[in-house]
1. Sorted by mean Cβ packing within 10 Å, highest first, what order do the peptides 92-100, 213-221 take?
2. Would you please give the FRET efficiency between LEU232 and VAL160, computed as 1/(1 + (r/R0)^6) with r the Cβ-Cβ distance and R0 = 25 Å, to the nearest 0.05?
3. Just to be sure I understand the curve: with the Debye formula and one point per C-alpha of region 34-79, what is log10 I(q)/I(0) at q = 0.24, 0.26 Å⁻¹?
4. Scaled to the compact-protein estimate 2.2 N^0.38 Å, what is the alpha-carbon radius of gyration of region 164-207, rounded to two decimal places?
5. Treating only the Cβ of Lys, Arg, Asp and Glu as charged (+1, +1, -1, -1), what charge dipole size does region 110-231 show about its Cα centre? Round to the nearest 20 debye.
6. What number do you get for region 123-273 when its Cα radius of gyration is normalised by 2.2 N^0.38 Å, N = residues?
7. Considering amide H positions built from the backbone, and no H for Pro or chain starts, which residues 5 or more places from ARG95, or on another chain, come under 5 Å of its amide H?
8. Express in % the proportion of alpha carbon pairs of region 37-189 at distances exceeding 26 Å.
Amino acid sequence: MIGGAVGLSTPFYRHVHFPRPTLPDTVRAMSTSLPLTVFVVLAGPSVGSFIALCADRIPMGEDVIAKPSYCGTCKTRLRARDLMPILSFALTKGRCNTCHAAIPPHLLYIEIIACGLGLFAVLAGGEPLHVLLTALMLWLLLALCVIDLVAFRLPDAFTVALAATVFLRAPDPLQAMWGAAIGAGSFALLRYAYFLIRKREGLGLGDVKLMVGLGAAVGPAGVPTLVLLAALLALFGAWMTRDRHDMAIRQRPLPFGAALCVSAAVLWACGVA
Ligand SMILES: [Zn+2]
């Protein structure tokens, strides 16, 4: 949130402040809530492992809870020693214990990023419940970003969980509601207008649902900045991954939800969410 007193017509940039604690405050907070710090930081890699699993299985319509983990090459069920996030990858040098096939390195990267996000949530400070909700919000942003990048999907379970988490940690629920309404409402209008003009879907319904949580996180005045930053990121990503033989950028599907999630995390780091 930008601040409880920010009006809808107030310029966003005039009210941005940076409520992050100073380093000594942060160290003191970490030492007084050591169990929470240890829990959030240690949970991060496991959360990252689950996010990577979701990104692998959701596009194929596989179960992400009940089905046991297995090697993607030889299909051998993984044992407990293969399932320790980060550590297993280091011990096996990134290879399957049975068939020695290389394990995709992005699995390790996601676990490390999730661990880092947990640490950032602790460093940002606040009451224990607020720290937990912040970590959960950042992990959900990572999950939505990864799944959108891999599968061009934003599962309802994650967008709903994100919105619920954001509202639970919102310092001003009314501003959060305005942000959600303006964010999701503007995307819904944009989606409808694009369909009327081009006679095809240009903006996914998942993006509209995602904006409920993101709009609530940045508040009504932060929505334009969020969308502008995401648009620049998405265009930059499309330009970086361009291929002369590929279709034109304007014809390619863009994982705009992923760009929105990254932008929301950046705005959070700047004290805007
Ligand atoms: Zn294998």
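Here, each number is a calculation from the coordinates, and none is a lab measurement. Keep in mind it's a predicted model, so treat the numbers as computed, not measured. In this analysis, Cβ positions are derived from the backbone assuming ideal geometry, glycine residues included, and neighbour counts consider all displayed protein chains.
1. Going by the mean number of other Cβ atoms within 10 Å, highest first, we get 213-221, 92-100.
2. Values: r = 28 Å, r/R0 = 1.10.
Step by step, r from the Cβ atoms, then E = 0.35.
3. -0.89, -0.97
4. Ratio of Rg to 2.2 N^0.38 Å for region 164-207: 1.46.
5. The dipole of region 110-231 has a size of about 480 debye.
6. Working it through for region 123-273, the quotient is 1.05.
7. Excluding prolines and chain starts, which carry no amide H, the hits are ILE103.
8. 34
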